[in-house]
Amino acid sequence: MLKKYAVIWLAILSVFALLVSCTKTTEVDEPAISYFVVKVDSISVPDTLSHSDTLRIKFYGTIGSNSNYSFDHVEAQKTPSSVDLKVWGKYVANDGAYDVVSFLDGVEYKVSLLYPGQYDISVHQPDSSVLKDSVVVE
């Protein structure tokens, strides 16, 4: 009978030791991520469009010098006659970056429900300057 209890306790201790040895003891560091305003070199918009059309604003410029850089999102503040935009990029610090330049290359932002008249577009830059353009809405 005593031998039976000794075997049970030995089994319980073995399972406990196995579980303790399988716990994660090393931490994997997550790569550091940062966000930044992208310098937009130029935008592409039509000269005129109908009020029923969707305005497609295309952005061009360099995001970063390697594959750690990428486009993240466009931040917009709209009024009936204008839109203020900031293009945001993301940098993920990791050792596996490729030496390839990351471009905006026509990233598009769409605006609909336009009113007739001049529609002003402002793109805010990292140096606090503003790239401006406009579209005539018929």
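The values are calculated or read from the model by the stated rules, or taken from the named source; none is laboratory data. Worth saying up front: this structure is predicted, and the values here are computed from it rather than measured. Cβ atoms come from the backbone with ideal geometry, glycine included; neighbour counts cover every protein chain shown.
Take region 61-77 and flag every residue that is surrounded by 12 or more Cβ atoms within 10 Å (Cβ to Cβ), assigned to a strand (DSSP E or B) and of a type outside the set (Phe, Trp, Tyr). Of everything in region 61-77, those that are surrounded by 12 or more Cβ atoms within 10 Å (Cβ to Cβ), assigned to a strand (DSSP E or B) and of a type outside the set (Phe, Trp, Tyr) turn out to be Thr62, Ile63, Gly64, Ser70, Asp72, His73, Val74, Glu75, Ala76. Scoring Asp120 on the criteria (1) on the phi < 0 side of the Ramachandran plot; (2) charged (D, E, K, R); (3) under 21 Å from the mean Cα position of the chain (by Cα) leaves a single failure, condition (3). Scanning region 85-138 for residues that are among the β-branched types (Val, Ile, Thr), in a strand (DSSP E or B) and within 30 Å of Asp29 (Cα to Cα) yields Val87, Val92.
Under the condition of being loosely packed, with under 14 Cβ neighbours inside 10 Å and of a type in the set (Val, Ile, Thr), which residue from region 78-126 is modelled with the highest pLDDT? So the residue we want is Thr79.
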